[in-house]
Amino acid sequence: MPTILRIRGYRFYFYALEGTEAPHAHIDKGAGTPKVWLTDLSVAYSEGLKVGEIRTALRLARKYPVSLVKAWHEFRDAKVKAKSRKGSC
C-alpha cells in the first residue's frame, strides 16, 4: 500500500491489489477515509470523515493532480512489468 503524499494530517495512498480499477487514491485522516477518483476528483465513497474534512481532502487532491496520477501509473506500470518478468521465467 504505497503512500503517494502526506500533507496536513492526510495520507494519500492506494492498494497494490485493486485489479483494473481507474486511477484513484484512498485518503486517510485519523480513522476516516474517502476513496477519490483521480480522473475527475469525485468521491467514490467515504467513511468516518466529516464533510469539511472530505472537502479539505479534495482541495488537497486538486493541488496535486498530476503527481497523484503519475504515481498511480508509475506504480501500476512497475507492477505489470514485474508480473510479466515473473511469468516469463
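Coordinate-derived values only; no laboratory data. Note that the structure is predicted; figures quoted are calculated from it, not measured. Using ideal geometry, Cβ is built from the backbone for each residue, glycine included, and neighbour counts are taken over all protein chains shown.
Computed values, structure above
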{"quantity": "Any chance Ile54 is under 10 Å from the mean Cα position of the chain (by Cα), surrounded by 17 or more Cβ atoms within 10 Å (Cβ to Cβ) and among the β-branched types (Val, Ile, Thr)", "calculated": "no"}
{"quantity": "Selection from segment 40-72 of residues that are assigned to a helix (DSSP H, G or I) and either in contact with a Pro (Cβ under 7 Å, 6 or more places away or on another chain) or among the acidic types (Asp, Glu) (or both)", "calculated": "Glu53, Ile54, Ala57, Val69, Trp72"}
{"quantity": "Top-ranked residue in segment 1-13 [being touching a His at 6+ places or on another chain (Cβ under 9 Å) and in a strand (DSSP E or B); ranked as surrounded by the most Cβ atoms within 10 Å (Cβ to Cβ)]", "calculated": "Phe12"}
{"quantity": "Single residue of Ala61, Ala16, Ala31 found to be loosely packed, with under 15 Cβ neighbours inside 10 Å, of a type in the set (Gly, Ala, Ser) and within 14 Å of the chain's Cα centre (by Cα)", "calculated": "Ala16"}
